[in-house]
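The values are calculated or read from the model by the stated rules, or taken from the named source; none is laboratory data. Not measured: the values here are computed from a predicted model. Heads up, the Cβs are rebuilt from the backbone with ideal geometry, glycines too, and the neighbour counts pull from every protein chain shown. Ligands, DNA and RNA are excluded from the accessible area calculation, which covers all protein heavy atoms including side chains. Shrake-Rupley method; radii C 1.70, N 1.55, O 1.52, S 1.80 Å.
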Amino acid sequence: MGLMPEKFLKPYNSKEVEKNIYKRWEESGYFNPDVCIKEGVTAPDAPVFSMVLPPPNATGELHIGSALMLCIEDIVTRYKRMQGFRTLWIPGTDHAAIATQSKVEKELYKEKKTRHDFSREEFVNIVHEFVLKNKGRIKEQIIAMGCSLDWSREAFTLDEKREIGVRTAFTRMYNAGLIFRGERIVNWDPKLQTTISDDEIEHKEQNDPFYYFQYGPFVIGTARPETKFGDKYVVMHPEDKRYKEYTQGQKINLEWINGPLVATVIKDPIIDMSFGSGVMTITPAHSAIDFDIAKRHGLDIEQVIDFNGKLLPIAGEFAGVHIKKARPLIVEKLQKKGLLVKTDEAYVHNIAINSRGGELIEPQIKLQWFIDVNKKFSLTHSKIKGIKSGEETSLKDAMLHVVQSGEIKILPPQFEKHYFHWIENFKPWCISRQILYGHRIPVWYRGDEISVGVTAPAGEGWRQDEDTLDTWFSSALWTFSTLGWPEETKDLKTYHPTTLLETGYDILFFWVARMILMSVFHMGEVPFKTVYLHGIVRNEQGKKLSKSLNNAGDPLEMTEKYGTDALRMALIVGNGPGNDLKLAEEKIKAYKHFANKLWNVGRFVLQHTPDGGAAVFTQSDQQYVTQFIALAGDVADDMENYRLHLAAEKLYHYIWDVFASAILEESKTIFKIGTPEDIASRKRLVMTVFSDFLKLLHPFMPFITEEIWTSMPTAKSLLMVEKWPNDF
RNA sequence: GCACCCUUAGCUCAGUUGGUAGAGCACACCCCUCACACGGGUGGGGUCGUAGGUUCGAGUCCUACAGGGUGCACCA
């Protein structure tokens, strides 16, 4: 018997190993690149690899999708660290303003309380306490996945440092004229009592009756009769022959819901002649398109529905009635007046709902803060390829430019098209929210005066804007706010732009695009060089998922049951970039078996090869060496090109089919009846190949490889900072 | 409506630059042989959605179609 410790006599026990190993990593300080340099495991002038962790919602749960994200990012990080890079992966959490506040309000509601039972300060404190409790749990979950994050640099989108960043960003953009306050039509959620951005809207198909009403000489169609009270403009296409007798601005007397009305004819090419009767009345205060038409023709804009979803006095007898209740009543009245022409019951259309809360969105006109993405500004300090310092550009143009020029590469490449398409439709970004939890808008008012800045203005009588910022405003600064910006820190100079941004494709627009926007403006450079997008894991609503009952559940449960390494492999193998993942528990189990296989290979190696030796390889062993070097090259090539799934599979098959089934099986005979030269050669082969194999596999299965490594005679320090094997 | 993705073994999916089909699980039979039964061995199972095209050669590229899914836009 050789060096084999007793622990190898039992099957691999992930539970006993994992906590212990993580503690050793953490205590080593090697998650922090500064320590790596100080201890001499990384060269001070080594190339940099940096990445931010997409900050999980502070009140969220770590789900199997986050596990996939953590796993991919940790694999890349560990690989780069072993390649000798100055490697930094920054952890943090997101305050997720709306989501968090809704959650707390739900909790409060259980005690029959609402946010209105508290002062602003009290309420924010309640939310804050809630967040603190949850943050710890998320950190535990991230640790359980084995992530090599530098916890000394942990950040939170709503902590003090980030608040300075947010206020600085707001102020500088305001001063550049890119942030403005204006009355626009916005997406209003009557339930959460806040605006949301266009991207937070979800369209849902719904069947509603479609009514045709007699409107003077015209027949108009609508699915929303409750908005029609104030409709005094009738719009048609200028080239519609059916209505050529009517002229722009013509007045028409007609009978409407609450009595006689003078309507004005408007001609506008936006009208689709083939839809309905080709004529419509407009409600500019509650429809984005109608609002545009009204602006174009200088028409009156009148609010019909209040911010709670109830009809205003303009509705006459219906004033104060909720729109949901009012609709059938209005139809009934119009029918009685003989103005209902017909009803199409089979009408299917898309309604807008808030993806965060689920309530129907009511377009409303409100005074809000926006980022103007089209306005030209001068980019004073540009490091962006193709844009000179001082050159004029717009946020939109710059955002397009950095991807078109290839300075930012998006993987898989088809998502570049999604990105371009989205940018082309990018309208002013509404950044103010009427909720309490979040970064309060750094603007103060006093009479007609306005003051924008990082701190409150001096003097009496200033009142701060009541609104908070869209949560994505602060997370958009993440690549540089985590590095100390707006201070010109050493971290900022060293690690920005970050090397890689890895996240789910579902937040390409929400987050990735907005990070590009912010970095371009504030840093004059890209936030990252490569974007790697992984697929999402469908929830119970996903049709495919619900039909199979063996889909895996909570990641923590899985790591408990099968070990983190097994879960990591199951998440990686067979899951190409950008593809959605459906994970069967059986697959995780299979990689638990693989972990045990590796464990037993370790046992064999340590039993039979007490020393590494310096023997000369026999010809056949030399072939194995060559094969292994080729494998190491292949794996490195896959890693460089983010083909993690292929790399993992190659490693799996190598250790099982080549190393265990061929090399070890042969070795049994060689060790028994081989010549001394054969034996020495084989012992060296087995030890060196296995030892280096552990390095190759470590990014994927960090715990078990580190645990076996501690028993290897070749081990000098932790495996996590060993150099990636490039040759023998 | 516009765009993108998917369709490969019973199930879940790989297959990076085009070169005679792979994995895990499941299934059948054999083996508790001295690293490992969380193992080993043997075996069954696929006209790679359909129809064309390019090519010496296509699951892999092109075109059309069908089915499934996603994103964006939107109808008054």
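Some points to look at:
- Magnitude of the charge dipole, chain A, Cβ model with Lys/Arg +1 and Asp/Glu -1, debye to 20: 600
- According to the Cα-based calculation, Rg over Rh for region A:299-356 is 1.03, with Rh computed by the Kirkwood formula.
- Protection-proxy order for peptides A:411-423, A:563-575, A:597-609, each taking the mean of Cβ atoms within 10 Å per residue, highest first: A:563-575, A:597-609, A:411-423
- 12 Å beta-carbon shell around A:W422, net charge (K/R +1, D/E -1): 0
- Mean-position separation - Cα centroids, region A:280-317 and region A:476-531, in angstrom: 40
- Taking the C-alpha atoms of chain A, convex hull volume expressed per residue in Å³: 198
- The residues packed around A:R120, meaning those with a beta-carbon under 10 Å from its beta-carbon, carry a net charge of -1 if Lys and Arg are +1 and Asp and Glu are -1.
- Highest average packing first - A:582-589, A:250-257, Cβ atoms within 10 Å: A:582-589, A:250-257
- Whole-angstrom gap from region A:617-657 to region A:73-114, using each part's C-alpha centre: 35
- From helices alone, chain A scores -12000 deg cm²/dmol at 222 nm; the rule is -39500 (n - 2.57) for each run of n ≥ 4 DSSP H residues, then divide by the residue total.
- If you sort A:E122, A:E18 by accessible surface, 1.4 Å probe, largest first, the order is A:E122, A:E18.
- When the Cα positions of A:A346, A:V331, A:I387 are compared along the charge dipole of region A:327-393, A:I387 comes out farthest toward the positive end, with charges on each C-beta of Lys, Arg, Asp and Glu.
- Seen from A:G182, the other residues with C-beta closer than 13 Å to its C-beta sum to a net charge of +4, counting Lys and Arg as +1 and Asp and Glu as -1.
- C-alpha long axis of helix A:676-697 to longest principal axis of chain A, angle in °: 20
- Hydrodynamic radius by Kirkwood, which averages 1/r over all alpha carbon pairs of region A:163-228, in angstrom: 16.5
- Built amide H within the under 5 Å cut-off of A:S50, gap 5+: A:L88, A:T499, A:L500
- More than 23 Å apart - percent of Cα-Cα pairs taken over region A:10-131: 53
- At full extension, A:A223 and A:E677 could sit 154.6 nm farther apart than now, given 0.36 nm per residue minus the alpha carbon distance.
- Helix A:514-523 and the longest principal axis of the C-alpha atoms of chain A enclose an angle of approximately 80°.
- Here's how it looks for A:E359: its modeled amide H is under 5 Å from those of A:N354, which are all 5 or more places away or on a different chain.
- Proximal lysine pairs, region A:597-717, alpha carbons under 25 Å, eight or more residues apart or interchain: 15
- Entry note, region A:204-273: relative contact order of 31 percent, from Cα contacts under 8 Å with a spacing of 6+ residues.
- Calculated P(r) of region A:605-728 - Cα pairs past 25 Å, %: 21
- Relative contact order for chain A, counting Cα pairs under 8 Å that sit 6 or more residues apart, in percent: 17
- Here region A:1-47 and region A:554-583 have alpha carbon centers that stand 22 Å from each other.
- Stretchable slack from A:Q414 to A:E666, in nm (0.36 nm times residue separation minus alpha-carbon distance): 86.0 nm
- Per-peptide packing, taken as the mean over residues of other Cβ atoms within 10 Å, places A:77-83, A:387-393 in the sequence A:77-83, A:387-393 from highest down.
- Protein accessible area in chain A, 1.4 Å probe - carbon and sulfur %: 51
- Å² of accessible area per residue within chain A, as computed with a 1.4 Å probe and no ligands counted: 43
- Here the Karplus relation 6.51 cos²θ - 1.76 cosθ + 1.60, evaluated at θ = phi - 60°, turns the backbone of region A:72-83 into coupling constants of 4, 5, 5, 4, 5, 4, 5, 4, 5, 4, 6, 6 Hz, with x for every Gly and Pro.
- Extent along principal axes [Cα atoms of region A:667-706; Å; largest to smallest]: 37, 14, 10
- Rounded to 5, the percent of DSSP beta bridges in chain A classed as antiparallel: 70
- Computed with a 1.4 Å probe on the full set of protein chains, the accessible area for A:K324 sits at about 150 Å².
- Sequence-distant lysines (8 or more away, or on other chains) whose Cα lies within less than 16 Å of A:K376: A:K388, A:K396, A:K427
- Legend: residue pairs A:K366/A:K582; A:K19/A:K110; A:K232/A:K366; A:K310/A:K375, Cα-Cα distance threshold 32 Å; pairs beyond threshold, A:K366/A:K582; A:K19/A:K110; A:K310/A:K375.
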